Amino acid sequence: QEPGHTMFPLNSEEKKVKLNCEVKGNPKPHIRWKLNGTDVDIGVDFRYSVVEGSLLINNPNKTQDTGTYQCIATNSFGTIVSREAKLQFA
């Protein structure tokens, strides 16, 4: 399952946004995310987490989080990159 374009309302009560990415494989693929072509560093920015492959962004920030996301799945057989999904704020 690939991520889709997402519009986050600035007045939203919901303080998180989820970009879906679901991958099946054997061996189980490792999933990472890119924002505008740069790796999202889950370990450094605590607002980001990967839950079953999907990217969860807590307290989304228009300045930092607007852009184009892709999930990348890798196992010993190779790597596959999802389509681009834009996250925008309105």
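The values are calculated or read from the model by the stated rules, or taken from the named source; none is laboratory data. Quick caveat, the model's predicted, so the values are computed rather than measured. Please note: Cβ atoms are built from the backbone with ideal geometry, for glycine as well, and neighbour counts cover all protein chains shown. The protein model used for the area step is the full one, side chains on, heavy atoms only, and it has no ligands, DNA or RNA in it. Shrake-Rupley method; radii C 1.70, N 1.55, O 1.52, S 1.80 Å.
Some observations on this one:
- Pairs where the first residue, in the stretch 1-20, is farther than 15 Å from Asn59 by Cα and the second is modelled with pLDDT of 95 or more and open to solvent by 100 Å² or more (accessible area, probe 1.4 Å), C-beta under 7 Å, 6+ apart: Glu2/Arg83
- Scanning the stretch 47-65 for residues that are open to solvent by less than 30 Å² (accessible area, probe 1.4 Å) and more than 14 Å from Lys34 (Cα to Cα) turns up Arg47, Pro60.
- Positions within the stretch 62-90 being without any contact (Cβ under 8 Å) to a residue 12 or more places away in the chain and of a type outside the set (A, V, I, L, M), in sequence order: Thr63, Gln64, Gly78, Thr79
- Among the residues listed as Thr79, Thr68, the single one being assigned to a strand (DSSP E or B), at pLDDT 95 or above and open to solvent by less than 80 Å² (accessible area, probe 1.4 Å): Thr68
- Annotation: of all residues in the stretch 15-37 being open to solvent by 100 Å² or more (accessible area, probe 1.4 Å) and more than 15 Å from the chain's Cα centre (by Cα), the one that is nearest to Ser82 (Cα to Cα) is Lys24.
- Unique match (being under 19 Å from Ala90 (Cβ atoms) and among the aliphatic types (A, V, I, L, M)) among Ile42, Ile31, Ile57, Ile72: Ile57
- Put simply, of Lys34, Lys24 the only residue that is over 15 Å from Pro3 (Cβ atoms) and not in a helix (DSSP H, G or I) is Lys24.
- Failed item, numbered, when Val44 is tested on (1) surrounded by 15 or more Cβ atoms within 10 Å (Cβ to Cβ); (2) farther than 20 Å from His5 by Cβ; (3) among the β-branched types (Val, Ile, Thr): (1)
- Residues that are under 16 Å from the mean Cα position of the chain (by Cα) and open to solvent by 30 Å² or more (accessible area, probe 1.4 Å) were ranked within the stretch 1-14; the one that is farthest from Gln88 (Cα to Cα) is Gln1.
- Checked against the criterion of being assigned to a strand (DSSP E or B), hydrophobic (A, V, I, L, M, F, W, C) and modelled with pLDDT under 95, the stretch 51-64 contains one or more residues that satisfy it.
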